[in-house]
Amino acid sequence: MSADAAVDAAALALAQVRAAAAELIAAFAAHDTARYFAAFGPDATFVFHTEPRFLATRAAYEARWRSWEADGFRVLGCRTRDTEVRMVGEGVAVLTHRVSTRLATKDIPEGQELRERETVVFRRAPDDRWLVVHEHLSPEP
């Protein structure tokens, strides 16, 4: 591959990851669970500061999400800032950003805002989609 073609391929991959990240955030902000969970690979792993345990699969996260919903959990909105995407080789990308999420619970139905930092690792799937394979969420200091 020529140098120009390599640059073009890298730019295309970066644009695809940014689009996948925007879709992930939009689905989360809309509390569109089908669209949101479609953004994760089945082997994705999750580390959330709000959870005592590591979630080792997408299915484990989906089950936890359903238990939150049973307790009145609902995403009311989400904003992102300070977003950076870095390519790591040809098939992996790392997104870092700060997120402000408005969440409702049965105790706070009008919602509360959380400010957090997040790292999301994407991997190119065999069908060329970029899927999340790891998410780590921590409180913003």
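The values are calculated or read from the model by the stated rules, or taken from the named source; none is laboratory data. Values in this document were obtained by computation on a predicted structure and should not be read as measured data. Cβ coordinates were reconstructed from backbone atoms using ideal geometry, including for glycine residues, and neighbour counts include every protein chain displayed. Areas reflect the complete protein model, heavy atoms only, side chains present, ligands, DNA and RNA absent. Shrake-Rupley method; radii C 1.70, N 1.55, O 1.52, S 1.80 Å.
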Members of the stretch 20-30 found to be open to solvent by 40 Å² or more (accessible area, probe 1.4 Å) and without any contact (Cβ under 8 Å) to a residue 40 or more places away in the chain, listed by number: 22, 23, 26
Any hit, the stretch 7-19, residues being under 28 Å from residue 141 (Cβ atoms) and not polar (S, T, N, Q): yes
Top-ranked residue of the stretch 39-66 - restricted to ones that are surrounded by fewer than 15 Cβ atoms within 10 Å (Cβ to Cβ) and aliphatic (A, V, I, L, M), ranked as farthest from residue 77 (Cα to Cα): 56
Check on residue 94, open to solvent by 50 Å² or more (accessible area, probe 1.4 Å), of a type in the set (A, V, I, L, M) and within 17 Å of residue 135 (Cβ to Cβ): no
